[in-house]
Amino acid sequence: MLSIQRNVALDTLNTMGFSATAEYFTRITEVAQLPLLCEYCKEHELELLLLGGGSNLVLGDSVFGMVAQIDLKGWETTRLDDDRSQLRIAAGENWHAAVDRMLEEGLFGLENLALIPGTVGAAPVQNIGAYGVELKDRLLEVEVYDRTQACFSSLSCSDCHFSYRDSVFKSIEAERYIITAVTFVLQHQFKPVLAYSGLHELTDKADLTARDVFDQVCSIRSSKLPDPKVLGNAGSFFKNPIVSAEQLQQLKQHFPDLVAYPDQGQFKLAAGWMIDRCGWKGKREGQMGVYERQALVLYNAGGGTRAQLEVLMTKIQRSVQQRFGVWLEPEPRFYPAVHTACHLT
Ligand code: EPU
C-alpha cells in the first residue's frame, strides 16, 4: 500500500534548510511499495525525486511531481571467513549510525567515513569519500529496483562505475535505479588508513583502535564543517576539479603553494583552497554564505533562497575560473535542475 500526500513541506527534509513544497509525497518503508510507486508515477505522468537524508540536495520552492522518501530499514551480517564479514544494510538507515554500529560489532574498514550526513542508500550515489577512504573501496553490491525493466536487481561494484564523487546512479543512469540496500565486505581485524594529514598523528599511538580513528574523524569534521542541524548546508558544495599533470605544472608556476593530490594518474585540486585565495571565505550573498572555516561549504544562515545560492555559486565559479582557469562543478544534485545560465562564463 502507498500512502500519498499532497503539498508537503520539505523544509526539514533537506539539510540546506530551503523552504520547498512537494506536489506529491510518499514514504517508502517496504520494497514491495516500489513497483506501485513507479506505476503510480507513470500513470499520473509524475517525475520522481528520491529522498534519502536530503543532505546532498538543492531544492527549488516548488518540487513538481512525486517525492519519495526512502525509509527502508534492516541490517544483516554474514561471516565469510575468519578475516571478513559481509554486511547488508537497507537504504534508509542513517549512515553515521551505521558506521558506529559496525565498530560495535567489530566490523572495520569504514571508520574514516564517520559523521558524513545522509543515508546508506544515498552513499553510493556520489561514492562518498573522506580521509583516504571511498565507499567503493569496501562495497560488494548495490540492490536496486530497476525502473526501466520494472524488476528488482543488483549491481556489482564494477557495474556501479564509481569514480570521484560519481557513479552510474548520478550520471549515466540517473533516473533508472532506486537503491534499496547496500552490501559491504568488512574486516574483523582493524587496518588503519592514516595517510590524511589530520589522522597522521595517530600513527604512533599505542593500541590504536578503529574507535580512535572514528573519534578523530568526528573531531576533524566538527572543527571544519558546520552541523546541518545548526547551520543549513550540503557539505562540500563544489567538487575538487581534476586536472592533468601538465595543467598542474602550469598552475604551479603561477601559484606555487596550490594544494593538489594525485588521483589515478591525474591531480585533484583543492577547490576550498582556490575559493579561499579568491577571498570568498566568510562572504555573504543575502542569507547564503561561504563558511568561515572551510570555503568549500556554502551555508544558509536562515531564510536563504536557492536564487541567492545560485548567484553566490556563479560568482565563485567565475572568480575561480578567472584566477585559476578552472571551472568548479557543484557537488549536490539540483532539483529541479539548475538553470543553464549559471554555467555561462
Ligand atoms: N583549504 C584552504 N582553505 C579552505 C579550505 C581548504 O586553504 O577554506 C586547504 C586546506 O588547508 C587543505 C586543502 O585545502 O590544504 C584541502 O582541504 P581539506 O583537507 O579540508 O579537504 P577538501 O579537499 O576541501 C575533501 C572532501 C571532503 C572531505 C575531505 C577530507 C571533496 C569535495 N570534499 O575536502 O568531503 O571530508 O576532503 O577527506 O572532495 C563532503 O563531501 O561533503 C566533504 C566534506
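For the reader, a short list of remarks on this structure follows.
- Subset of region 166-195 that is in contact with a Gly (Cβ under 7 Å, 6 or more places away or on another chain) and within 16 Å of the ligand (Cβ to nearest atom) - its residue that is modelled with the lowest pLDDT: Ala195
- Filtering region 232-243 to residues that are open to solvent by 40 Å² or more (accessible area, probe 1.4 Å) and either hydrophobic (A, V, I, L, M, F, W, C) or without any contact (Cβ under 8 Å) to a residue 60 or more places away in the chain (or both) leaves only Ile242.
- If you go through region 1-30 and pick out every residue that is on the phi < 0 side of the Ramachandran plot, under 23 Å from the mean Cα position of the chain (by Cα) and not hydroxyl-bearing (Ser, Thr, Tyr), you end up with 12.
- The residue list Ser156, Ser167 contains one member that is surrounded by 18 or more Cβ atoms within 10 Å (Cβ to Cβ) and either within 24 Å of Asp212 (Cβ to Cβ) or not assigned by TED's automatic domain parsing to the domain that holds Gly54 (or both), which is Ser167.
- The residues of region 230-262 that are more than 10 Å from the ligand (Cβ to nearest atom) and in a strand (DSSP E or B), listed by number, are Gly232, Ile242, Val243, Pro262.
- For region 317-345, filtering for residues that are over 20 Å from the mean Cα position of the chain (by Cα), open to solvent by 60 Å² or more (accessible area, probe 1.4 Å) and modelled with pLDDT under 95 leaves 5.
- Selection from region 284-316 of residues that are away from the ligand (no atom under 15 Å from the Cβ) and open to solvent by 60 Å² or more (accessible area, probe 1.4 Å): Arg284, Gln287, Gly303, Ala307, Val311, Lys315
- Among (1) in contact with a strand residue (DSSP E or B) (Cβ under 7 Å, 6 or more places away or on another chain); (2) in a helix (DSSP H, G or I) - the single one Val213 does not satisfy: (1)
- Any hit, region 276-283, residues being assigned to a helix (DSSP H, G or I) and either within 11 Å of the ligand (Cβ to nearest atom) or not polar (S, T, N, Q) (or both): yes
- Residues in region 51-86 that are under 19 Å from Arg333 (Cβ atoms), open to solvent by 40 Å² or more (accessible area, probe 1.4 Å) and assigned to a loop (DSSP other than H, G, I, E, B): Asp61 only.
- Counted residues, region 112-134 - those being closer than 26 Å to Thr12 by Cβ and not in a strand (DSSP E or B): 14
- Residue that is among the hydrophobic types (A, V, I, L, M, F, W, C), within 18 Å of Ala174 (Cα to Cα) and in contact with a helix residue (DSSP H, G or I) (Cβ under 9 Å, 6 or more places away or on another chain), where the choices are Leu49, Leu59: Leu59
- Condition met for His188 (under 20 Å from Val99 (Cα atoms) and in the same structural domain as Glu143 (by TED's automatic domain parsing)): yes
- Candidate set: region 188-219, residues that are surrounded by fewer than 18 Cβ atoms within 10 Å (Cβ to Cβ) and hydrophobic (A, V, I, L, M, F, W, C); chosen: the one farthest from Leu296 (Cα to Cα): Ala206
- Boolean, Val144 is away from the ligand (no atom under 16 Å from the Cβ), crowded, with 22+ Cβ neighbours inside 10 Å and either over 23 Å from Phe190 (Cα atoms) or free of Cβ contacts under 8 Å to residues at least 60 places away in the same chain (or both): yes
- For region 263-275, a residue qualifies if it is in a strand (DSSP E or B), open to solvent by less than 40 Å² (accessible area, probe 1.4 Å) and either hydrophobic (A, V, I, L, M, F, W, C) or more than 8 Å from the ligand (Cβ to nearest atom) (or both), and the qualifying residues are Asp263, Leu269.
- Conditions (1) near the ligand (Cβ under 10 Å from one of its atoms); (2) modelled with pLDDT of 95 or more; (3) assigned to a helix (DSSP H, G or I); number of the one not met by Cys218: (1)
- Just one of the listed residues (Gly132, Gly121) is within 11 Å of the chain's Cα centre (by Cα) and either surrounded by 20 or more Cβ atoms within 10 Å (Cβ to Cβ) or in contact (Cβ under 8 Å) with a residue 12 or more places away in the chain (or both), namely Gly121.
- Checked against the criteria, Asp227 does not count as of a type in the set (Asp, Glu), open to solvent by 40 Å² or more (accessible area, probe 1.4 Å), over 19 Å from the mean Cα position of the chain (by Cα) and within 15 Å of the ligand (Cβ to nearest atom).
The values are calculated or read from the model by the stated rules, or taken from the named source; none is laboratory data. In this text, all values refer to a predicted model and were calculated from it rather than measured experimentally. Methodologically, a virtual Cβ is constructed for each residue, glycine included, from the backbone with ideal geometry; neighbour enumeration extends over all protein chains shown. For accessibility, only protein heavy atoms count, side chains too; no ligands or nucleic acids. Shrake-Rupley method; radii C 1.70, N 1.55, O 1.52, S 1.80 Å.
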